[in-house]
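See below for the structure under consideration.
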Amino acid sequence: MAGPQYIPSRGDRIEQTRLGIRRTGTVWYADQLQLLVKWDEGGSSSLRLDAAGVRILERDSTPASAKVSQVARLRVRDPELVPELIAFLHSRSDLGAARVGKDEVEVSLHDSDNEASPRLELDLLVRAWEQVRSKGRGVVEFIDE
């Protein structure tokens, strides 16, 4: 199976048409396998590149060095909870999340002017999710790289 000719970059505007319905959005994360897209109507999706059926409307011309982004990696004790955690993180417009292993999630913290604040905010969000999901049993740990 041939891969895509061009992998969109963060900030690119894309369009997806499915069953005659057109939607547009902005790429928040992309790698050789998937895209994380924040749709203009407010939702977000993780799409496989080989099956996404998207076309690029406009490429972001902002230099990569001007885009501030941090990455955090999380390990989840119960791998069955990974999709639920990713869905929770996708509900935030300033975060991107992707499964990078059986029990690991990579989270992109976007457009931050402050190095510490987004990481602290992510920690608070994860702890709140844990409290609701697992009664605070500490099912998620940050992995320092």
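Picking from Glu106, Glu130, Glu141, which residue would you name as being of a type outside the set (Val, Ile, Thr), under 18 Å from Trp28 (Cβ atoms) and at pLDDT 85 or above?
On inspection, the qualifying residue turns out to be Glu106.
Of the residues making up segment 25-56, those that are surrounded by fewer than 16 Cβ atoms within 10 Å (Cβ to Cβ) and at pLDDT 85 or above are Trp39, Asp40, Glu41.
Report whether or not Ile86 is more than 15 Å from the chain's Cα centre (by Cα), among the β-branched types (Val, Ile, Thr) and at pLDDT 80 or above. So that I can check it myself, show each step before the final result.
Numbers: more than 15 Å from the chain's Cα centre (by Cα): no; among the β-branched types (Val, Ile, Thr): yes; at pLDDT 80 or above: yes.
Against the criterion (more than 15 Å from the chain's Cα centre (by Cα), among the β-branched types (Val, Ile, Thr) and at pLDDT 80 or above), Ile86 does not qualify.
All of (1) in contact with a strand residue (DSSP E or B) (Cβ under 6 Å, 6 or more places away or on another chain); (2) modelled with pLDDT of 85 or more; (3) assigned to a helix (DSSP H, G or I) hold for Pro118 with one exception: (2).
The values are calculated or read from the model by the stated rules, or taken from the named source; none is laboratory data. Predicted model only: the values in this text are computed from it and were never measured. With ideal geometry, Cβ positions are generated from the backbone for all residues, glycine too; neighbour counts draw on all protein chains shown.
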